[in-house]
Amino acid sequence: DTGVSQNPRHKITKRGQNVTFRCDPISEHNRLYWYRQTLGQGPEFLTYFQNEAQLEKSRLLSDRFSAERPKGSFSTLEIQRTEQGDSAMYLCASSWAWDTEAFFGQGTRLTVV
Amino acid sequence: GIQVEQSPPDLILQEGANSTLRCNFSDSVNNLQWFHQNPWGQLINLFYIPSGTKQNGRLSATTVATERYSLLYISSSQTTDSGVYFCAVGGGRGSNYKLTFGKGTLLTVNP
């Protein structure tokens, strides 16, 4: 297994454009998480999937953000009408169960210009 | 939600020195992990340690869940140990599956 994979690694976009990120979790993990990290801070929780069901969305996830996990496999995170404040590292993680070790991908660094 | 405090925020060492990083948390936890964030931003798993003591080479960790703290020990530090170390906990009241991170300790090891 190659671990959690995220694409793209870097994304530069103009303000107002839409962007989509992809996360492929470790194959036997049915829990998937998205986090966001800004400069000098620890990652902050955005949303959580158990299989294909999205069970929690943080208040950080405004209406411009949407996440999906069709068929309980890979997940996508879309940001519509990007703003400069969306610039951050977006991290995906997966785990076997809710109280087991979580593993993170390499992250997608988004820059909104 | 659960609060996580890491100390010290910054630490500068000479190669070969030992160090202790601390993580305090405000509620009972069922998950505690230590990570090292590399210069490219990836979080590297160091320990999954909701309680007890573990060792892996020059690194070891201890979590005293009843007193709500965890310690990460780095012995004989090397320049490659430089980076940000995060403690993350899961548990407490409410959503116990998500990890709450501290602000990290920035470790610099000079040759």
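Below is a table of values for the structure above.
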item	result
Accessible area (Å², per residue) of the stretch A:21-113, counting only protein heavy atoms and a probe of 1.4 Å	44
Debye, to nearest 20: dipole size of the protein assembly as shown, +1 on Lys, Arg Cβ, -1 on Asp, Glu Cβ	500
Fraction of accessible area attributable to carbon and sulfur, chain B (%, probe 1.4 Å)	49
Average beta-carbon neighbours from other chains, 10 Å sphere, peptide B:37-48	5
Over 27 Å between alpha carbons, listed pairs A:LYS14/B:LYS103; A:LYS57/B:LYS103; B:LYS54/B:LYS103; A:LYS71/B:LYS98	A:LYS14/B:LYS103
Average beta carbon contacts from partner chains per residue of A:104-113, 10 Å cutoff	3
Total accessible area lost when B and A pair, probe 1.4 Å, Å² to nearest 100	1800
Debye, to nearest 20: dipole size of chain A, +1 on Lys, Arg Cβ, -1 on Asp, Glu Cβ	560
Residue-wise HN-Hα coupling along the stretch B:71-88, computed from phi with Karplus coefficients 6.51, -1.76, 1.60 (Hz; x: Gly, Pro)	10, 10, 9, 10, 9, 6, 4, 10, 4, 6, 6, 4, x, 9, 10, 10, 9, 9
Gap separating the Cα centres of the stretch A:48-109 and the stretch B:17-31, nearest whole Å	26
Rg in Å to one decimal, and Dmax rounded to a whole Å, for chain B via C-alpha atoms	13.5, 45
Listed residues A:ILE12, A:THR2, A:SER27: farthest to the positive end of the dipole of the stretch A:1-47 (Cβ charges)	A:ILE12
Heavy-atom accessible area per residue - the stretch B:19-111, 1.4 Å, Å²	42
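The values are calculated or read from the model by the stated rules, or taken from the named source; none is laboratory data. Predicted model only: the values in this text are computed from it and were never measured. Cβ atoms come from the backbone with ideal geometry, glycine included; neighbour counts cover every protein chain shown. Ligands, DNA and RNA are excluded from the accessible area calculation, which covers all protein heavy atoms including side chains. Shrake-Rupley method; radii C 1.70, N 1.55, O 1.52, S 1.80 Å.
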